[in-house]
Amino acid sequence: MNGIKMVDLKGQYLRIKNEIDAAIQNVLLDTDFIQGAQVKLFAEHLSAYHQGAHVIPCGNGTDALQITMMALELKPGDEVILPVHTYVATAEVIALLGLTPVFTEVDEETFNINPHQIKEKITAKTKAIVPVHLYGQCAEMTPILKIVKEYNLLVIEDLAQAIGAQYKFPTGESKKAGTIGHVGCTSFFPSKNLGAYGDGGAILTTDKTWADKMQMICNHGQRIKYHHDMIGVNSRLDTIQAAILNVKLKYLDDYTKRRNKVADFYDAHLKDVSFIKTPVRVSYSTHAFHQYTLRTVGIDRNHFKKYLEEKGVPTMIYYPVPLHLQKAYQRPGVGEGSFPVTEKLSKTVISLPIHTEMTEDELLYICHAIKNYHG
Ligand SMILES: *Cc1c(COP(=O)(O)O)cnc(C)c1O
């Protein structure tokens, strides 16, 4: 079979082409490219989607994290706890601001930060925890929120992969990813679940004072043009991207459903394959399935990847080198063996194609190819 893709942004675009083209055309005619009307509208729509949380659109998901940490006044030397199994952006902004990233092990089944190993990382300098809702499923927030309260810390959710996922508390109450902690940071990178046609990001918070400050920081620290009250950055969601996102946000829940259908199909067809484990679904969160990530057992993952490639099945490894072993983030005494679960995952995980446009024929073909692998 030809043409199976990890993501199919073109197919997705073609289904809503008329709406998107008109939205872009309108921005071109209005020429309000920076801080245009569509940006404000998108912030309102995304806020409504998140039960009225304040939304601060910005240039990308990495900036969302950075601006958040600036607004929360984290200072050089402060320690920030984050999972070691994540995308580099999470650690990058912490280091960039002179803060200390404190890596924490993840849970082998959920891929998310292990709440039971957080306390041992807390020192007098710890100021914040950044749980990442990896692959689209929320980290276990209930015990994290308990720790945060006990030690008076801030919690910044990285929901770049999990927009729309719903966290369920033991009380039965439920909240959307990004509105569980103090602040949520997300990305509209094209391949994300809510993807723009370029870079984009947003910050969510229910705190009005922080929201105002974040808004100023995004725009050179000014509220009134040429009056700079604080040091800021230039990080704005551009109007064309906002117009595109305004169209696509309407379809986000449908997109999430489509991703879940793909995941359900994989689950049903791959559950008895001896050399893989399908993703574990937790009771406390819905899954946005940004990625469908298998754990291989007892086979050479890279050989398996190559085999699938030869069959026309693209796959990806998220992430092949753990952060503590990356040149930029190495520290004395923290090497191979420091985070055995993450190191094992880096050698055994493999993500299958998952997107909104997948056909049953493609899924059948992929599952067939996997079942026919003989090491
Ligand atoms: C994509 C991503 C980011 C960064 O978003 P950008 O918009 O690419 O800057 C941060 N964290 C995680 C977990 C991501 O997947």
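The values are calculated or read from the model by the stated rules, or taken from the named source; none is laboratory data. Remember, it's a predicted structure, so these values are computed and weren't measured experimentally. Virtual Cβ from ideal backbone geometry, glycine too; neighbours counted across all protein chains shown. Heads up: the accessible areas ignore ligands, DNA and RNA and are worked out on the full protein's heavy atoms, side chains in. Shrake-Rupley method; radii C 1.70, N 1.55, O 1.52, S 1.80 Å.
Computed over the chain, the per-residue total of -39500 (n - 2.57) for DSSP H runs of n ≥ 4 gives a 222 nm mean residue ellipticity of -11000 deg cm²/dmol, rounded to 500. The chymotrypsin sites (Phe, Trp or Tyr not before Pro) of region 1-97 that DSSP puts in a loop, and whose beta carbon has at most 15 other beta carbons within 10 Å, are F33.
When only the Cβ of Lys, Arg, Asp and Glu is charged (+1, +1, -1, -1), the dipole of region 9-249 relative to its Cα centre reaches about 340 debye. Close amide H partners of Q35, meaning residues 5 or more places away or on another chain with modelled amide H under 5 Å apart, are T239. Binning the C-alpha pair distances of the chain at 20 Å intervals from 0 yields a P(r) profile of 28, 57, 14, 0 %, listed from the shortest bin outward. Looking at the chain alone, DSSP beta bridges between its own residues are antiparallel in about 65 percent of cases.
Near T104, the amide H atoms lying under 5 Å from its own belong to L82, V84; only residues 5 or more places off or on other chains count, and H is placed 1.01 Å from N.
Counted over all Cα-Cα pairs of region 252-371, pairs farther apart than 19 Å make up 52 percent. With a Förster radius of 56 Å, plug the Cβ-Cβ distance of K119 and K208 into 1/(1 + (r/R0)^6) and report the FRET value to the nearest 0.05. The formula returns an efficiency of 0.95 here. Taking amide H atoms as placed 1.01 Å from N in the peptide plane, the amide H of Y318 lies under 5 Å from those of S351, each 5 or more residues away in sequence or on another chain.
Farthest toward the positive end of the dipole of the chain, out of S187, A369, C58, is the Cα of A369, where the dipole comes from beta carbon charges about the Cα centre. Under the combined filter of DSSP loop state and at most 15 neighbouring Cβ atoms within 10 Å, region 280-371 retains these GluC sites (Glu not before Pro): E336.
With the whole protein complex present, D30 retains an accessible surface near 100 Å², based on a 1.4 Å probe. The trypsin sites (Lys or Arg not before Pro) of region 213-245 that DSSP puts in a loop, and whose beta carbon has at most 15 other beta carbons within 10 Å, are K225.
Where in region 358-375 does the amide nitrogen come within less than 13 Å of the point 7 Å from the Cα of S274, taken along Cα to Cβ? Label zone hits: 373-375.
Of all aspartates and glutamates in the structure, the ones whose alpha carbon falls short of 19 Å from that of K225, not counting any fewer than 8 places away in one chain, are D32, D212, D238.
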